[in-house]
Amino acid sequence: MRTIFLIGDATLAPYGGPLEAEGFAVKHLRPGIDEPPAGSPDAAIIDFSSAAEDPVARRYLEAASGNEAPAVITLLPPAGLPGLDPSTVADDFLLTGATAEELCARVRRALYRRHGVDTRDILVCGDLLMDLANYTVHIAGRPVELTYKEYELLRFLATNRGRVFTRETLLSKVWGYDFYGGARTVDVHIRRLRAKIEDRHTPFIETVRNVGYRFRVAG
């Protein structure tokens with residue numbers, strides 16, 4: 001289940017129920033009072049009227065340019081539009097008083113643009129379909145059997161498509177910091193993944209010479 005943080009005062013409360021109905025776990029953080037729980041949300045919705053200077057809100061805004069950071073949607077007062085600073089809107093923005101339906105739609109759009117994953121936790125890239133909730137992979141409708149690490153490696157690359165990762169970064173992100181294997185472990189798993197999900201007409205994983213690997217952006 002994907003997690004949404006609402007950062008702001010009581011004006012954000014009406015959005016909690018509709019977001020939960022969409023399948024999100026929602027946590028409401030009051031500016032200057034609540035610290036976020038452990039772990040990172042999938043998206044943060046920040047009310048600029050009450051949380052513009054909140055340190056937790058600023059942390060997510062400053063990190064929003066990173067591919068692995070939570071998507072950030074800001075709620076802005078109409079009076080703030082003439083002097084709108086693009087750096088404060090991150091992935092998207094709405095005006096104060098926006099309907100819950102519009103907010104939910106913007107959250108879905110922001111998550112899909114950032115990770116290529118819809119609210120059902122389905123990732124689609126060409127013939128590749130990953131059901132992230134059920135840990136299944138299909139190629140052109142055909143189920144593909146992956147080991148746990150093969151799946152986690154594919155999931156990490158596919159949800160960060162277009163971004164190049166070194167072997168060392170992949171080891172730390174997929175195998176963990178306490179893993180003592182070498183970079184060859186990544187190469188072996190990449191080779192096995194390619195054998196299971198690719199043919200010469202449908203390459204998904206690209207080798208970036210002297211750097212590492214990335215998941216190709218369809219197009």
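Observations, loosely collected:
- Nonlocal amide H pairs with Thr96, under 5 Å, H built at 1.01 Å: Leu76
- Heavy-atom accessible area per residue - the chain, 1.4 Å, Å²: 52
- Apportionment of accessible area to carbon and sulfur, the chain, percent (1.4 Å): 51
- One entry in [x] 0.94; [y] 1.00; [z] 1.02 is Rg/Rh (Cα atoms, Kirkwood Rh) calculated from the shown coordinates; its label is [z].
- Computed packing ranks the peptides 191-197, 79-85 as 191-197, 79-85, most packed first, by mean other Cβ atoms within 10 Å.
- Rounded to whole Hz, the Karplus (6.51, -1.76, 1.60) HN-Hα couplings of the stretch 205-217, x for glycine and proline: 10, 10, 8, 9, 4, 6, 10, x, 9, 8, 8, 5, 8
- Solvent-accessible surface (1.4 Å probe) assigned to His28 amounts to roughly 70 Å².
- Helix-only arithmetic for the chain: the sum of -39500 (n - 2.57) across DSSP H runs with n ≥ 4, divided by the residue total, places the mean residue ellipticity at 222 nm at -9000 deg cm²/dmol.
- The charge dipole of the chain, taken about its Cα centre with unit charges on the Cβ atoms of Lys, Arg (+1), Asp and Glu (-1) only, comes to about 1120 debye.
- Scalar couplings 3J(HN,Hα) for the stretch 130-143, obtained by applying the Karplus form with A = 6.51, B = -1.76, C = 1.60 to θ = phi - 60°, are 10, 9, 6, 7, 10, 6, 10, 9, 10, 10, 6, x, 9, x Hz; x denotes Gly and Pro.
- In this structure the amide hydrogen of His28, modeled in the peptide plane, comes within under 5 Å of the amide hydrogens of Leu6, none closer than 5 places in sequence on its chain.
The values are calculated or read from the model by the stated rules, or taken from the named source; none is laboratory data. Please read these numbers as outputs of a predicted model, since none were measured by experiment. Cβ coordinates were reconstructed from backbone atoms using ideal geometry, including for glycine residues, and neighbour counts include every protein chain displayed. Only protein heavy atoms, including side chains, enter the accessible area calculation; ligands, DNA and RNA are left aside. Shrake-Rupley method; radii C 1.70, N 1.55, O 1.52, S 1.80 Å.
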